[in-house]
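Notes follow once the structure below has been shown.
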Amino acid sequence: MKAVLFDMDGVVVDNLPYHVDAWLLFCERHNIPLTREVFYKELNGMNSKDTFEWFYKMEMTRAEVEVLEEEKEILYRGFYQAHMKPAPGLLVFLKTLRAHGIKTALATSAGPGNIDFIVDGLGIRDQFDAIIGGAEVHKGKPDPEIYLKAAEMVGVAPADCWVIEDSLQGISAGLNAGMQVVGITTSHTATELAHTQWVAADFVDLFEKLQQLNS
């Protein structure tokens with residue numbers, strides 16, 4: 001392990017229920033059928049452009065997506081603002097990695113507004129050697145592009161990177177990049193994440209597993 005690449009939503013923060021609430025309200029306002037179950041199965045981990053194209057069954061321009069995305073993200077930030085907190089064990093985990101010279105990167109499908117909202121809201125920008133969002137890649141998860149670019153940004157070969165993900169789309173992206181993947185059970189059960197190399201409930205659980213491995 002020379003680098004750890006973190007997804008954001010559902011990993012750095014356990015915020016997915018608030019995102020889903022925002023998507024459900026957005027879809028209700030726009031007469032788009034969506035259930036919580038369908039979101040977790042089909043859409044969790046997708047970037048906004050792919051999600052809106054899935055809803056509207058058509059290709060959309062970046063400008064068209066940005067208008068809809070801003071409406072949805074205002075809903076999400078309003079829901080989550082008062083509840084924002086780091087995932088259990090995250091801060092200690094990040095500091096431990098950096099103390100051991102392991103590179104860290106944030107690789108999320110989120111747009112710049114949501115990245116700033118979380119990273120600066122938690123005060124953890126200085127804990128990452130690189131940050132890359134969905135707006136900076138051509139293909140969203142499950143395509144491996146975002147993780148391959150993150151690895152390049154921190155100067156580490158893909159085979160020496162670990163990815164920490166919660167969504168099936170994101171896990172596929174990490175595996176497709178040839179990386180080791182830790183599945184965090186905020187969105188799916190341990191059974192559903194059994195195709196990853198490790199499964200953990202949170203960073204406290206993961207830290208304990210790593211300590212046992214090295215003992």
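Okay, here's what the table says:
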item	result
Test: residue in the stretch 136-153 that is outside any helix (DSSP H, G or I), out of contact with any helix residue (DSSP H, G or I) (no Cβ under 6 Å at 6 or more places or on another chain) and under 24 Å from A201 (Cα atoms)	no
Residue count, the stretch 154-193 (criterion: outside any helix (DSSP H, G or I) and touching a Pro at 6+ places or on another chain (Cβ under 6 Å))	3
Qualifying residue in the stretch 119-130 (condition: of a type in the set (F, W, Y), in a helix (DSSP H, G or I) and at pLDDT 95 or above)	no
Residue among E64, E73, E37, E53 that is outside the structural domain of G174 (by TED's automatic domain parsing), among the acidic types (D, E), farther than 30 Å from L210 by Cβ and touching a residue at least 24 places away in the same chain (Cβ under 8 Å)	E73
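Condition check ((1) in a helix (DSSP H, G or I); (2) surrounded by fewer than 15 Cβ atoms within 10 Å (Cβ to Cβ); (3) out of contact with any Cys (no Cβ under 8 Å at 6 or more places or on another chain)) across all residues:
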| site | (1), (2), (3) |
| --- | --- |
| L5 | no, no, no |
| I32 | no, yes, yes |
| E37 | yes, yes, yes |
| F55 | yes, no, no |
| V65 | yes, no, yes |
| L68 | yes, no, yes |
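Conditions (1) touching an Asp or Glu at 6+ places or on another chain (Cβ under 8 Å); (2) outside the structural domain of I32 (by TED's automatic domain parsing); (3) at pLDDT below 95; (4) buried (at least 21 other Cβ atoms within 10 Å of the Cβ), marked per residue:
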residue	(1), (2), (3), (4)
G89	yes, yes, no, no
F93	no, yes, no, yes
R98	no, yes, yes, no
K139	yes, yes, yes, no
E152	no, yes, no, no
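The values are calculated or read from the model by the stated rules, or taken from the named source; none is laboratory data. Keep in mind that what you see is a predicted model, and the values were worked out from it rather than measured. Positions of Cβ are backbone-derived with ideal geometry, glycine not excepted, and every protein chain shown enters the neighbour counts.
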